[in-house]
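Below is one structure, written out as structure tokens, with a few remarks after it.
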Amino acid sequence: MLNSKQLIEITGISRATLNNYVAQGILPNPVVKTPIGDGNRATRLGYFDEDAVERIKQVQSLKKQGLSMAEIARQLSTPANATRSPAKLAVVPADGSARSVEGTPTPPSRTSSPQMGFDIAIDELPGPAYMVNNNFELIWWNEAAREQLFGVHTPLAGDLGSRNLLKVLLAAKTDPLGLADLLRPHLAAGKRRLAQPALLKLYSALEAQQLSLLQEVLASVEKLESVGKGPLVHFPILLRDVPGTSEPTPFDLYACFYREGILFTYSPIELKNDYLLEFLRHRNYVINELLKKRKPCLTDVTVMVADLQNSVKICAELPAEEYFELINAIWQQSEPIFRKYYGTHGKHARDGMVYYFFPQPDCDHRLNAIQCALELKQLMVSLTRIWQARKGWFSELCLNIGLNSGQEWFGSYHAGGHVEFTVLGETINFASRISDFARQGAIWATKSMLSQIDAATRSTINFGIARRTQGKESVFVRETYASINSLLDDEGLRNSKFSDIERVPLTEIRAIDLVSPPAPRD
């Protein structure tokens, strides 16, 4: 027999490729045993029959003929693996502890291929894998997680509220002792990411019976310590009833922390598969792939549409290279502001932009959008001064901003390597029309959006409508609203493009007294 190291050396494939062949049933599960006289760190290795070399050569030959890996797997699946059924996972921490994975994440090379040197994609990870957002709601999962861990054989519901990870796990597992082992790493990861009020909010999403069961589980679990600050945290666990083995199989559970959420991956360690650790360290690549495959969901969202006022005039006044320089300066300098307030990029339409703000565990997404819009307004004031001094002109750079909140379906469109996130429904359409209505860099929002903010916080926002007195003077009346229809009548203007929102109550936002931005996340 050949051990995995020998098989890799003979065939020239990577550990990731070997694991992928086993996961897809092209090679049988290896016989796992301790190598004799081996002084390296590995305490166990997988051993294969010598005909595995010929099987790998077949795969390489079929790939050269243009067959996909899915087609090759259908042709070459081994009988033992072709008939195997999904494993029921009884998760038992090896020692109940977690450790931070040492090492700085390695950024991907700009010239790397999509596989980054790995013949494995996000959807083809050999064990269960899933990602939660910062509210611990599932936004991506693979089939192994759905069938083996979550115990469901139909797609999970689209409503994010029903995808609370604790709720899904509690529904799938009813044994308190098994739940204690399964929940331990997730609660430890949650304690690191979420403050106590956010954790309480997380538990509040559970039904009374589920919450009671969770409290019983927590009572049987020793006090959890916070995990380290590393981007990867490792939990050693055992998975029982894995096909092809009679003993519990050791797995590595990695919790990988991103700004957008936490990725949990289970990886068998039979093949000394530290390739997964290296794979997860390519953080930019991994998170981009995960966001591309994010499942569509029904969620609360605040939409911001911002358009550069008089863009045609400015384009006409500047040489082409300077106009592009200006637009790039706006985009690049606004990006840190959007990141600060957890804005998700939707698209850039010529010289405008669309961003989405989703619920966060420790801050209000509507307030995030308002604070972000006000900082963008200040940015445009600074850029105006720079470009006026540079060009000696009197043009003002203004982003006319429309804000609106609602509950809509969020998903993505894919065209080659390009991914565009989008929200379907009236929320974005209304925000776009409101942006068209705004002038001179004003920030306008719907009454329904402001009404969703609690009264105490809303009192810190300076919003209202500018009214004209009989002497034609403009007076700003705070905490009032008006329809576009009446505002256009006041100006003696009519425009058919506002007909679909002419009766929607709006208000202009001018300032906010809140001084604390959301806390940054690792």
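The values are calculated or read from the model by the stated rules, or taken from the named source; none is laboratory data. Keep in mind it's a predicted model, so treat the numbers as computed, not measured. With ideal geometry, Cβ positions are generated from the backbone for all residues, glycine too; neighbour counts draw on all protein chains shown.
Only one entry of ARG385, ARG339, ARG390 meets the criterion of being within 24 Å of the chain's Cα centre (by Cα) and farther than 23 Å from GLN452 by Cβ, and that entry is ARG339. For segment 287-337, a residue qualifies if it is out of contact with any Phe, Trp or Tyr (no Cβ under 7 Å at 6 or more places or on another chain) and under 30 Å from CYS256 (Cα atoms), and the qualifying residues are ASN288, GLU289, LEU291, LYS292, ASP300, TRP331, GLN332, GLN333, SER334, GLU335, PRO336, ILE337.
Among the residues of segment 76-83, some residue qualifies, meaning at least one is modelled with pLDDT of 55 or more, surrounded by 15 or more Cβ atoms within 10 Å (Cβ to Cβ) and not in a loop (DSSP other than H, G, I, E, B). Looking at segment 430-445, which of its residues are out of contact with any Gly (no Cβ under 9 Å at 6 or more places or on another chain) and crowded, with 19+ Cβ neighbours inside 10 Å? Once the filter is applied, which keeps residues that are out of contact with any Gly (no Cβ under 9 Å at 6 or more places or on another chain) and crowded, with 19+ Cβ neighbours inside 10 Å, segment 430-445 yields GLY441, ALA442. The single residue among LEU224, LEU253 that is hydrophobic (A, V, I, L, M, F, W, C), modelled with pLDDT under 65 and either more than 26 Å from the chain's Cα centre (by Cα) or surrounded by 15 or more Cβ atoms within 10 Å (Cβ to Cβ) (or both) turns out to be LEU224. Do we have LEU67 as part of a loop (DSSP other than H, G, I, E, B) and either within 23 Å of ASP123 (Cα to Cα) or modelled with pLDDT under 80 (or both) here? For LEU67, the condition - part of a loop (DSSP other than H, G, I, E, B) and either within 23 Å of ASP123 (Cα to Cα) or modelled with pLDDT under 80 (or both) - is met. Taken together, the residues in segment 317-339 that are in contact with a helix residue (DSSP H, G or I) (Cβ under 9 Å, 6 or more places away or on another chain) and part of a helix (DSSP H, G or I) amount to 11.
Inspection of segment 355-362 identifies no residue that is more than 24 Å from the chain's Cα centre (by Cα) and either among the acidic types (Asp, Glu) or over 30 Å from LYS292 (Cα atoms) (or both).
Which of the residues spanning segment 1-21 are part of a helix (DSSP H, G or I) and either free of Cβ contacts under 8 Å to residues at least 12 places away in the same chain or not hydrophobic (A, V, I, L, M, F, W, C) (or both)? Residues satisfying the conditions are SER4, LYS5, GLN6, ILE8, GLU9, THR11, ARG15, THR17, ASN19, ASN20, TYR21. With the structure loaded, tell me whether LEU298 is surrounded by 15 or more Cβ atoms within 10 Å (Cβ to Cβ), at pLDDT below 95 and under 30 Å from ASN368 (Cα atoms) or whether it fails that test. Spelling it out, LEU298 is indeed surrounded by 15 or more Cβ atoms within 10 Å (Cβ to Cβ), at pLDDT below 95 and under 30 Å from ASN368 (Cα atoms).
Whether a residue is surrounded by fewer than 22 Cβ atoms within 10 Å (Cβ to Cβ) and without any contact (Cβ under 8 Å) to a residue 12 or more places away in the chain was assessed, and ASP454 passes this test.
In segment 394-411, the condition of being out of contact with any Phe, Trp or Tyr (no Cβ under 6 Å at 6 or more places or on another chain), on the phi > 0 side of the Ramachandran plot and not in a strand (DSSP E or B) is met by no residue. Checked against the criterion of being modelled with pLDDT under 80 and either touching a strand residue (DSSP E or B) at 6+ places or on another chain (Cβ under 6 Å) or outside the structural domain of PHE136 (by TED's automatic domain parsing) (or both), the candidates ALA198, ALA180, ALA205, ALA219 yield just one match: ALA205. Do we have any residue at all in segment 127-145 that's buried (at least 22 other Cβ atoms within 10 Å of the Cβ) and modelled with pLDDT under 80? Scanning segment 127-145, I find no residue that is buried (at least 22 other Cβ atoms within 10 Å of the Cβ) and modelled with pLDDT under 80, so the answer is no. Contact map, segment 355-378: first residue farther than 20 Å from LEU202 by Cα and not assigned by TED's automatic domain parsing to the domain that holds ILE461, second residue assigned to a helix (DSSP H, G or I) and of a type in the set (A, V, I, L, M, F, W, C), Cβ cut-off under 7 Å, separation 6 or more or different chains; the map is empty. In segment 484-522, of all residues being over 20 Å from ILE465 (Cα atoms) and among the charged types (D, E, K, R), the one that is modelled with the highest pLDDT corresponds to ASP500. If the condition is being surrounded by fewer than 19 Cβ atoms within 10 Å (Cβ to Cβ) and under 18 Å from GLY441 (Cα atoms), then segment 353-373 contributes no residue at all.
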